[in-house]
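Notes to accompany the following structure.
The values are calculated or read from the model by the stated rules, or taken from the named source; none is laboratory data. Computed from a predicted model, the values in this text were never measured in an experiment. No Cβ is skipped: glycine too gets one built from the backbone with ideal geometry, and neighbour counts run over all protein chains shown. For accessibility, only protein heavy atoms count, side chains too; no ligands or nucleic acids. Shrake-Rupley method; radii C 1.70, N 1.55, O 1.52, S 1.80 Å.
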Amino acid sequence: MTAQKLQAVRGMNDVLPQDSGAWQRVETALREVARAYGYREIRTPLVERAELFTQSIGGATDIVEKEMYVFGAADERLALRPEATASTVRACNQHGLLHNRQQRLWYLGAMFRRERPQKGRYRQFHQFGVEAFGWPGPDIDAEVIRLGARVWERLQIGGLRLQLNTLGSPQTRRAYREALREYFSGQRAHLDADSVRRLESNPLRILDSKVDATVEIAAGAPDITGFLDADARAHFDGLCDSLRRFGLKFEINPRLVRGLDYYTGAVFEWLADDGLGAQNAVCAGGRYDQLVEQRGGRPTPAVGFAMGVERLVELAERAAPETPAPTDIYVLSADDDGGEAADISESLRRAGFAVTTHCGGGQLKRQMKRADQSGARLAVIAGLEGAGTARIKPLRSGGEQVRLGVDALVDWCRDHISA
Ligand code: HAM
């Protein structure tokens, strides 16, 4: 009987060696940009109590109703995290990170949602997010948006559209929810089943529906602008002014309501018109001024966003593909035990080169073929002329072979590899 070849779980991807360089480039850019803005990393577990998400994201959202991976005993339901804002708030409260302190935090890691997989939408995906706690004014909203824009700049990604809206105060949302309920109730017969259910539980979510007939009806729904109070307007105007000062273009989309319930005030999304297909939101976030208190902490204003790393890698590769060489130098071994090759390899590594050492011996001709396939810039043949000497062959430039003492080798490689 032949053994069955198992496949990965649908919607959960391997990142293969030929693609991991692109991921690493994006991850490095994200870490550097976060540092440049004074954000510090937080790492939280992949598994949390399910109620953390149910209570934070909202029981009548798609994420909680349909997409969470929940398991465990009835008295301790656990969930794979579908996002990390709730986890970050939980960690801040648990460790007292917000006691008389403001915090700028970032995270990068895997999230899980049982969505219908398609290009750009996966069941295990990765987010880079930032969360800023303790600043009530629009200057910090503008900062996190600017930080996102800096990521696009670093990765040479152009053409993203920034959409903004404000969801106002809880009173505003209450009044707006009522207005939506009234409007959609009049169209009840034409709504899809999910939306009919949401008439009672969460009519704001109907604006997010992807069902064609409902989208058409939603187009005629009242927008939130008429319900905003003076504070929410002033905050939003302040944010728009700051963005203009940064030279950031944006569109105001009064239908942007976001799929998570914790938002209060300004919300935003960056959309890609090219390159991502239907799943075109690369980054999304907003203010959530009540979540910290709702989860047991002191009242603390907060704002943040998360980017989908799969979507970001796709855009970064389209914008400026880069295939970093997997190795700088391939060291071949002319002697049988490979001792000289191992020693030379270590000296080169100590000098900062990425070195692949040939293992397993064999004819030099075959070893040279491996060297060629490795993508290295130089091949170094050890043990051919006796201890302390090596031969170097440039693999990409077609240059001549050179014979050198091991002492001179490092400098020679440095000159030729950084050139
Ligand atoms: P979200 O809109 O649910 O917000 O997700 C943010 C981003 O994660 C999306 O714009 C998208 O790029 C990516 N994403 C979401 N689901 C998937 C998926 N199934 N496959 C691939 N990528 C996906 C949040 O998660 C909030 N926690 C953002 C936030 C942080 N708000 C305040 N702070």
Seminar exercise, completed: Only unsatisfied item for Ala390, checking (1) out of contact with any Gly (no Cβ under 9 Å at 6 or more places or on another chain); (2) open to solvent by less than 30 Å² (accessible area, probe 1.4 Å), is (1)
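Quick check on this structure: which one of Val410, Val406 is under 19 Å from Arg350 (Cβ atoms), surrounded by fewer than 18 Cβ atoms within 10 Å (Cβ to Cβ) and touching a strand residue (DSSP E or B) at 6+ places or on another chain (Cβ under 8 Å)?
Details: Val410 fails: touching a strand residue (DSSP E or B) at 6+ places or on another chain (Cβ under 8 Å).
Being under 19 Å from Arg350 (Cβ atoms), surrounded by fewer than 18 Cβ atoms within 10 Å (Cβ to Cβ) and touching a strand residue (DSSP E or B) at 6+ places or on another chain (Cβ under 8 Å) holds for just one of Val410, Val406, which is Val406.
For Ala79, indicate whether it is within 13 Å of the ligand (Cβ to nearest atom), aliphatic (A, V, I, L, M) and surrounded by 20 or more Cβ atoms within 10 Å (Cβ to Cβ). Full working, then the answer.
Values: within 13 Å of the ligand (Cβ to nearest atom): no; aliphatic (A, V, I, L, M): yes; surrounded by 20 or more Cβ atoms within 10 Å (Cβ to Cβ): yes.
Criteria not met by Ala79.
Out of Ala306, Ala334, Ala281, Ala325, report the one residue that is within 8 Å of the ligand (Cβ to nearest atom), of a type in the set (A, V, I, L, M, F, W, C) and without any contact (Cβ under 8 Å) to a residue 60 or more places away in the chain. So that I can check it myself, show each step before the final result.
Details: Ala306 fails: without any contact (Cβ under 8 Å) to a residue 60 or more places away in the chain; Ala334 fails: within 8 Å of the ligand (Cβ to nearest atom); Ala325 fails: within 8 Å of the ligand (Cβ to nearest atom).
Within the list Ala306, Ala334, Ala281, Ala325, the selection yields Ala281.
Residues that are charged (D, E, K, R) and under 29 Å from Val89 (Cα atoms): list the strands (runs of 3 or more DSSP E) wholly contained in region 266-379 that include at least 1 such residues.
On the way: elements: 266-272, 281-287, 302-308, 329-333, 355-357.
So the answer is 266-272, 281-287.
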Problem set entry | Test: residue in region 197-209 that is within 28 Å of Gln290 (Cα to Cα), open to solvent by 10 Å² or more (accessible area, probe 1.4 Å) and at pLDDT 95 or above | no
Seminar exercise, completed: Filtering region 237-276 down to residues that are within 16 Å of the ligand (Cβ to nearest atom) and exposed (fewer than 13 other Cβ atoms within 10 Å of the Cβ) yields Asp273, Asp274
Problem set entry | Odd one out for Gly38, checked against (1) assigned to a helix (DSSP H, G or I); (2) in contact (Cβ under 8 Å) with a residue 12 or more places away in the chain | (1)
Exercise. Is it the case that some residue within region 158-170 is touching a Pro at 6+ places or on another chain (Cβ under 6 Å), open to solvent by 20 Å² or more (accessible area, probe 1.4 Å) and either farther than 19 Å from Gly285 by Cβ or away from the ligand (no atom under 16 Å from the Cβ) (or both)?
Worked result: no
Exercise. Is it the case that some residue within region 214-236 is surrounded by 19 or more Cβ atoms within 10 Å (Cβ to Cβ) and under 28 Å from the mean Cα position of the chain (by Cα)?
Worked result: yes
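Among the candidates Val151, Val89, Val144, Val130, which residue alone is part of a strand (DSSP E or B), β-branched (Val, Ile, Thr) and either touching a residue at least 40 places away in the same chain (Cβ under 8 Å) or within 30 Å of Leu228 (Cβ to Cβ) (or both)? Steps first, answer last, please.
Numbers: Val151 fails: part of a strand (DSSP E or B); Val89 fails: part of a strand (DSSP E or B); Val144 fails: part of a strand (DSSP E or B).
So the residue among Val151, Val89, Val144, Val130 that is part of a strand (DSSP E or B), β-branched (Val, Ile, Thr) and either touching a residue at least 40 places away in the same chain (Cβ under 8 Å) or within 30 Å of Leu228 (Cβ to Cβ) (or both) is Val130.
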Seminar exercise, completed: If we ask which residues in region 90-137 are of a type outside the set (Phe, Trp, Tyr), over 19 Å from Met68 (Cα atoms) and open to solvent by less than 50 Å² (accessible area, probe 1.4 Å), their number turns out to be 15
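Residues that are free of Cβ contacts under 8 Å to residues at least 60 places away in the same chain and farther than 18 Å from Asp261 by Cα: find the helices (runs of 4 or more DSSP H) completely inside region 169-244 holding 3 or more of those.
On the way: elements: 170-185, 193-201, 212-219.
Answer list for region 169-244: 170-185, 212-219.
Name the residues in region 32-45 that are in contact with a strand residue (DSSP E or B) (Cβ under 8 Å, 6 or more places away or on another chain) and either exposed (fewer than 15 other Cβ atoms within 10 Å of the Cβ) or polar (S, T, N, Q) (or both), would you? Step through it out loud before you land on a result.
We begin by selecting, within region 32-45, every residue in contact with a strand residue (DSSP E or B) (Cβ under 8 Å, 6 or more places away or on another chain); these are 34, 37-44.
Correct list: Gly38, Arg40, Glu41, Arg43, Thr44.
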Exercise. Is it the case that some residue within region 90-103 is at pLDDT 95 or above and closer than 25 Å to Leu312 by Cα?
Worked result: no
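Looking at this structure, is Arg121 away from the ligand (no atom under 15 Å from the Cβ), in contact (Cβ under 8 Å) with a residue 60 or more places away in the chain and under 16 Å from the mean Cα position of the chain (by Cα)?
Working: away from the ligand (no atom under 15 Å from the Cβ): no; in contact (Cβ under 8 Å) with a residue 60 or more places away in the chain: yes; under 16 Å from the mean Cα position of the chain (by Cα): yes.
No, not satisfied.
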